[in-house]
Amino acid sequence: MRSWRFWWQTFVFSTQYNPPQFVELLMLLLGILLLFLWSLTAQWPYLVLSLSYVAGSSTSMLIREALTPSPHLQLTQGLAIVLLILSAYTLIDLVG
């Protein structure tokens with residue numbers, strides 16, 4: 001029970017300390033979950049929604065890093081750009 005309380009307090013503290021980063025993480029997790037659902041069902045709305053979450057989260061990362069740079073600036077920007085390129089390429093491939 002004590003370990004659950006520790007994890008819960010850590011979770012609450014992290015959401016209060018940096019809400020934009022929490023929202024980005026939540027969007028990425030939802031994107032991964034929807035991508036997993038798409039792999040099971042092969043219905044394109046799951047893929048489109050997953051890519052939308054990833055693109056939104058990546059854009060939010062880039063804007064947040066532009067406004068307030070962090071010590072991990074290059075890693076965060078690189079990851080955001082790679083995710084944007086992959087989601088754009090997949091959407092273009094899906095449409096075309």
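Within 10 Å, count the other beta carbons around each residue, average over each peptide in 79-85, 2-8, and list them highest first.
Peptide ranking by packing, descending: 79-85, 2-8.
Computed from phi, the 3J(HN,Hα) profile of the range 22-36 under the Karplus parametrisation 6.51, -1.76, 1.60 (θ = phi - 60°) reads 5, 5, 4, 5, 5, 5, 5, 5, 5, x, 5, 4, 5, 5, 5 Hz, with x in place of Gly and Pro.
Model label sites at LEU91 and LEU26, defined 7 Å from Cα along the beta-carbon direction, differ in position by 2.2 nm.
Each label was represented as a point 7 Å from its Cα along the Cα-to-Cβ direction; for LEU79 and VAL12 these points are 2.6 nm apart.
Coordinate-derived values only; no laboratory data. This structure is a prediction, so every number in the text was calculated from the model and none was measured. Cβ: placed from backbone, ideal geometry, glycine included. Neighbour counts: every protein chain shown.
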